[in-house]
Number of protein chains: 2
Amino acid sequence: MNQQDRSYKDKKVISIGTVSELTGLTLRQIRYYEERKLIAPYRNDRGTRKYSFNDIETLMDIADKREDGVQTTEILKEMRLKEKQRESEAEVKKKMLQGQLNAQFRYGRGRN
Amino acid sequence: MNQQDRSYKDKKVISIGTVSELTGLTLRQIRYYEERKLIAPYRNDRGTRKYSFNDIETLMDIADKREDGVQTTEILKEMRLKEKQRESEAEVKKKMLQGQLNAQFRYGRGRN
DNA sequence: CGTGTAAGGAATTCTGACACG
DNA sequence: CGTGTAAGGAATTCTGACACG
């Protein structure tokens, strides 16, 4: 996904009623998951919550796990773990790219 | 942009107040451009308008043209023309791809 | 033509709280 | 713990219409 596309997915512009329709969750549930730090909607001037498509996907994941009886505390831990995993992966990729650049640089110099 | 990303851009989930903030247009203007067929928001059960990110981009284009004094009728014509151009381009691409496939097929047969 | 505005009604969202299990 | 609900207030959105230039 490129930069442009991310901006759509991350932009917090959807109000809670629409999120409720899209996820099948009640307003109460959506607000409660925020209280438990599982999501962090933006608040506009008037204090109205605004959600992103990303938030909606997170909420659908939460709904699945809650159906399996997983508590919000556990879900929060899982989410934090996943986040760390993503960071590590990004780190590995960065290092691999760095290694390739170094190799290419040495190769280029050798031919001159 | 892949299928998944398109769904974010095209999904009509943003209410008119947010669209107003994002585009700088007044509610009156946004509704009027709909009346002139420049945009077509979705209406939910209660008749509330819902817009997509695509609609927002269209509205920003409209705003620019209106500032240049272009009338809504002209803008509509321009939009329809662009649409036809996009269709032609898609047609050309389709034909080029078809040609390549044919060539490949003949080439493959020749070697057997 | 394009936009502002006042009008009245209906639906939305917010918070804090009590209830239940 | 997770969710429902009633409560009261504030802001949103809708339509049809009159106004102006």
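The values are calculated or read from the model by the stated rules, or taken from the named source; none is laboratory data. This is a predicted model, so every value here is computed, not measured. With ideal geometry, Cβ positions are generated from the backbone for all residues, glycine too; neighbour counts draw on all protein chains shown. Remember, those area values only see protein heavy atoms, side chains included, never the ligands or the DNA or RNA. Shrake-Rupley method; radii C 1.70, N 1.55, O 1.52, S 1.80 Å.
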Task: Check: the stretch B:3-70 dipole with +1 on Lys, Arg Cβ and -1 on Asp, Glu Cβ, in debye - done: 380
Task: Given charges at beta-carbon only (K, R positive; D, E negative), |dipole| of the protein assembly as shown in Debye - done: 780
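So how many Lys-Lys pairs in the stretch A:1-70 land under 22 Å Cα to Cα, not counting same-chain pairs under 8 apart?
Values: A:K9/A:K37; A:K9/A:K50; A:K11/A:K37; A:K11/A:K50; A:K12/A:K37; A:K12/A:K50; A:K37/A:K50; A:K37/A:K65.
Lysine pairs satisfying the spacing and distance rule in the stretch A:1-70 number 8.
For chain B, just say rounded, prolate or oblate: build the C-alpha gyration tensor, square-root its eigenvalues into a ≥ b ≥ c, call rounded for a/c under 1.5, and beyond that prolate if a/b exceeds b/c, oblate if not.
On the way: a/c = 3.74, a/b = 2.17, b/c = 1.72.
It is prolate, given that a/c is not under 1.5 and a/b is the larger ratio.
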Open item on the list: Which residue fluctuates most in the GNM of chain A (Cα springs below 10 Å): A:Q98, A:Q85, A:Q71?
Closed with: A:Q98
- [ ] Go ahead and run the numbers for FRET between B:R46 and A:M79, Cβ-Cβ distance against an R0 of 25 Å, rounding to 0.05.
- [x] 0.15
Open item on the list: Checking buried surface per residue: for the stretch A:6-24, which residues lose a minimum of 10 Å² accessible area in the protein assembly relative to the chain alone (1.4 Å probe)?
Closed with: A:Y8, A:K9, A:K11, A:V13, A:I14, A:S15, A:T18, A:E21, A:L22
Task: Efficiency of FRET from Cβ geometry, B:S88 and B:K37, R₀ 22 Å, rounded to 0.05 - done: 0.50
- [ ] Note the buried accessible area between B and A here, summed over both chains, with a 1.4 Å probe, in Å² to the nearest 100.
- [x] 1400
Task: Average accessible surface area per residue within the stretch A:1-70, 1.4 Å rolling probe, Å² - done: 57
Open item on the list: Out of the total accessible area of the protein assembly as shown (probe 1.4 Å, heavy atoms of protein only), what percent is carbon and sulfur?
Closed with: 49
Open item on the list: Using the basic label-point model (7 angstrom from Cα toward the beta carbon), what is the A:Q71 to B:R28 distance in nanometres?
Closed with: 5.6
Task: Mean Cβ count within 10 Å, highest first, over the residues of peptides B:15-21, B:40-46, B:52-58, B:27-33 - done: B:52-58, B:15-21, B:27-33, B:40-46
Task: Most mobile of A:K37, A:K95, A:K84 in a GNM of chain A (Cα contacts under 10 Å) - done: A:K95
Task: Sites A:R6 and B:D10 - FRET efficiency at Förster radius 22 Å, r taken between beta-carbons, to 0.05 - done: 0.85
